[in-house]
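Let me begin by presenting the structure, written as structure tokens, before commenting on it.
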Amino acid sequence: MTEKTFRDNLFEVASPSDIPLAKFNEAMRRETFAGIRGIVTPAECEAGLHALAQRFKRSDDHPGIGEKPEMVRQNFQKLLVGGESRARRNDDARLFRQFYNPMWAEDIYGLRDVFIRLARVRNRIAGLAPDFATTGIEANGLWTAARVHQYPLGGGFFRGHTDYVASDVADEADTKFYQLFLVMTEKGRHFQKGGGFVDVGSTRINLEDHFRQGDILVYDGRTNHGVEDIDPHLPFDVDTFNGRVAAFVTLYKVM
Ligand SMILES: [Fe+2]
């Protein structure tokens, strides 16, 4: 990615309402990704990482599949492994941990305020009310699946994929496909190789080669994206919280 492309796709703002939507959507249509800087500080990310590492216990890991839907509507940790046997259901091969931390659950990582700001950025981009799903479950069943994903050193990854989008929203605005995450770790410091990528045409862009800790990255779920192996040259340690970390505020629906 050229320096000009990077600059054109980086939006430095003080609050979600300052995101210039017309320019932002133009950047998304042009490159299919953009970065938002200034909403979350690197120090806030460091504090979150510290709390996650302190609290982490391998024995809290649940299996990668099979939990009841309501299980993730509370603080809940799971290790996602494999996926080949479920590949036809859009479950692409993966190795990472999820730490669900809904807005109404105990704020065990001190990240609640960060999650609320991420949700407000999501709402701004999607044209939703500023506080949509920032506290509870909305009347239409939507809630914010506030959570952290940890891709361990020694091979954490997520095979390239496109996000499944229900047919009932497929004909709506482009912004419905826009996904975002917070870059909580820094490539070159927390890990050396791999990281989140998007394929723009035939060009693979490793996002964390360019964006830094505290940046919010937005991508188009219709493009191929994933996470390349995190430091595959290192041993995998299932007992330690390490590697690449990102935070998400995806809208889930209570069925
Ligand atoms: Fe995805």
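What number comes out for accessible area per residue over the stretch 19-149 if the probe is 1.4 Å? Units Å², please.
Accessible area per residue, the stretch 19-149: 48 Å².
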Q | Solvent-accessible area per residue, Å², over the stretch 186-255 with all protein chains present [probe radius 1.4 Å] | A | 44 Å²
Q.
I'd like the accessible area for Phe211, computed on protein heavy atoms only with a 1.4 Å probe and all protein chains in place. Round to 10 Å², please.
A. 10 Å²
Q | Whichever lysines have a C-alpha closer than 28 Å to that of Lys253, once near sequence neighbours (fewer than 8 apart) are set aside | A | Lys68, Lys78, Lys176
(Q) As a test of reading the structure, rank Glu208, Glu12 by solvent-accessible area (1.4 Å probe, protein chains only), most first. (A) Glu12, Glu208
Q: State the percentage of accessible surface on the chain attributable to carbon and sulfur atoms; use a 1.4 Å probe and exclude ligands, DNA and RNA.
A: 51 percent
**Q.** Long-range amide H partners of Val81 with built H, under 5 Å
**A.** Gly64
Q | Added length on full extension, which subtracts the Cα-Cα distance from 0.36 nm per residue, Asp209 to Ser59 | A | 50.7 nm
**Q.** Solvent exposure, largest accessible area first (probe 1.4 Å, DNA, RNA and ligands not counted), of His149, His210
**A.** His210, His149
Q: Ignoring everything but the protein chains, give the 1.4 Å probe accessible area of Phe11 in square angstrom, nearest 10.
A: 10 Å²
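The values are calculated or read from the model by the stated rules, or taken from the named source; none is laboratory data. Here the structure is a predicted model, which means the values were calculated and not measured. Heavy atoms of the whole protein, side chains included, go into the accessibility calculation; ligands, DNA and RNA do not. Shrake-Rupley method; radii C 1.70, N 1.55, O 1.52, S 1.80 Å.
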